[in-house]
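Heads up, the thing below is written out as structure tokens.
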Number of protein chains: 2
Amino acid sequence: MAGNDTLFGKIIRREIPASIVYEDDEVLGFLDTAPQAPVHVLFIPKHEAIPTLDDLQPEQAQLVGRLVLAAAAHARAQGLAEDGYRVVINCRADAGQTVFHLHLHLLAGAALGRFGTPE
Amino acid sequence: MAGNDTLFGKIIRREIPASIVYEDDEVLGFLDTAPQAPVHVLFIPKHEAIPTLDDLQPEQAQLVGRLVLAAAAHARAQGLAEDGYRVVINCRADAGQTVFHLHLHLLAGAALGRFGTPE
């Protein structure tokens, strides 16, 4: 694992437990432990430890696209796509990023609310 | 323009006005007219009219990745990346999708709130 190590690196290596719900050759998906919706899954790259979205390089479009497509495939497989879902990537403090290993949130299972500043 | 036409198709063809703040060979970025944060920009693919994230095909990982990277590049260019920002794609009703041309939201400029169900 290149780069800095985090909680998510430990989950990838199965050093700490997580509720894993999705895996392919590039992406691991597991339940968020502080869910903001009935379904809240985090999708992370298994082979690259990129701290934030701001660290992503232009040649890594495919990699971040794979995170998005993994979330879409999981939503479809779970029967969540017809009602709908949201995917989110938070970058740094103003967005509330707390683990510095690039991750994409999938939220579904209820009508979702605002996604910007609090009202 | 293949597929269904929407408000965003008309913006791409400059048939209706929009505050365009970003453009590259694949992606157009313009201000959301109902902003949820001090900075709220929408990024759309210029050459493909994909209705929802659920319609995205596995071979289009690069395309959706280019939307993410366009938002990250714009945030960096505008001096927003250090404080942080959020990117969001809403799919269908539960997420509040209203225009059925795939688009990615960039939100920045303040501390952002929850992104799932309302509290």
Q) Using the Karplus equation 6.51 cos²θ - 1.76 cosθ + 1.60 (θ = phi - 60°), what ³J(HN,Hα) coupling, rounded to whole Hz, does each residue of the range B:60-74 give in order, writing x for Gly and Pro? A) 9, 4, 4, 4, 5, x, 5, 5, 4, 5, 5, 5, 5, 5, 5
Q: List, in order, the whole-Hz ³J(HN,Hα) value for each residue of the range A:37-53 obtained from phi through the Karplus relation with A = 6.51, B = -1.76, C = 1.60 and θ = phi - 60°; use x for Gly and Pro.
A: 6, x, 10, 9, 10, 9, 10, 10, x, 7, 10, 10, 9, 9, x, 9, 4
(Q) Leaving out ligands, DNA and RNA, and with a 1.4 Å probe, what % of the accessible surface on the protein assembly as shown is carbon or sulfur? (A) 51
Q. Between the range B:49-90 and the range A:67-115, what is the C-alpha centre distance in whole Å?
A. 13
Q | Value of [θ]222 nm, deg cm²/dmol, for chain A, DSSP H segments ≥ 4, -39500 (n - 2.57) each, nearest 500 | A | -6000 deg cm²/dmol
Q) Between the DSSP loop rule and a limit of at most 14 other Cβ atoms within 10 Å, which GluC sites (Glu not before Pro) in the range B:1-103 are left? A) B:GLU15, B:GLU82
Q: Given the options B:LEU63, B:LEU102, B:LEU42, state which has the largest fluctuation in a GNM of chain B using a 10 Å cut-off (strictly under) for Cα springs.
A: B:LEU63
Q.
Going by amide H atoms built from the backbone, whose H comes under 5 Å of the H on A:TYR22, apart from near neighbours?
A. A:GLY29
**Q.** Rh (Kirkwood; distinct C-alpha pairs) - the protein assembly as shown, Å
**A.** 17.7
(Q) Averaged across A:56-62, how many Cβ atoms of other chains sit within 10 Å of each residue's Cβ atom? (A) 5
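Averaged over peptide B:8-21, how many Cβ atoms belonging to another chain are found within 10 Å of each residue's Cβ?
Across the residues of B:8-21, the mean count of other-chain Cβ atoms within 10 Å is 0.
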Q: Quick one: what are the phi-derived ³J(HN,Hα) couplings along the range A:89-94, Karplus 6.51/-1.76/1.60 with θ = phi - 60°, whole Hz, x for glycine and proline?
A: 10, 9, 10, 6, 4, 4
**Q.** Pseudo-label separations to other copies for A:THR98 - Cα-to-Cβ vector, 7 Å, nm
**A.** 3.2
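For Cα pairs less than 8 Å apart in space and 6+ apart in sequence, what is the mean separation divided by the residue count of chain A, i.e. the relative contact order in percent?
30
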(Q) Give the average, rounded to an integer, of partner chain Cβ atoms located within 10 angstrom of each Cβ in A:74-83. (A) 3
Q: Let me know the longest stretch in chain B that avoids all trypsin sites (Lys or Arg not before Pro) found in a DSSP loop with at most 13 other C-beta atoms within 10 Å.
A: B:15-119
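Roughly how many Å² is the accessible area per residue of chain A, as a whole number, for a 1.4 Å probe?
Working: 5040 Å² over 119 residues.
About 42 Å² of surface per residue is accessible.
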Q: Compare B:ALA93, B:ALA49, B:ALA75 in a GNM of chain B, Cα atoms joined below 10 Å, and give the one with the largest fluctuation.
A: B:ALA93
Q: For the range A:7-108, give the magnitude of the charge dipole about the Cα centre (Cβ charges: +1 Lys/Arg, -1 Asp/Glu; no others), in debye to the nearest 20.
A: 220
Q: Can you tell me the alpha carbon radius of gyration of the range A:14-119 divided by the globular rule-of-thumb value 2.2 N^0.38 Å?
A: 1.05
Q. Which Cβ of chain A lies nearest the axis of the rotation superposing A onto B, and at what whole-Å distance?
A. A:GLY65, 2
Q.
7 Å along Cα→Cβ for the label point: how many nanometres lie between B:ASP83 and each equivalent label in the other copies, listed shortest first?
A. 3.6
Q: For B:PRO35, go 7 angstrom from Cα along the Cα-to-Cβ vector, then report the distances to that same point in the other copies in nm, smallest first.
A: 3.4
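The values are calculated or read from the model by the stated rules, or taken from the named source; none is laboratory data. Fair warning: this is a prediction, and the values are worked out from it, not measured in the lab. Methodologically, a virtual Cβ is constructed for each residue, glycine included, from the backbone with ideal geometry; neighbour enumeration extends over all protein chains shown. Remember, those area values only see protein heavy atoms, side chains included, never the ligands or the DNA or RNA. Shrake-Rupley method; radii C 1.70, N 1.55, O 1.52, S 1.80 Å.
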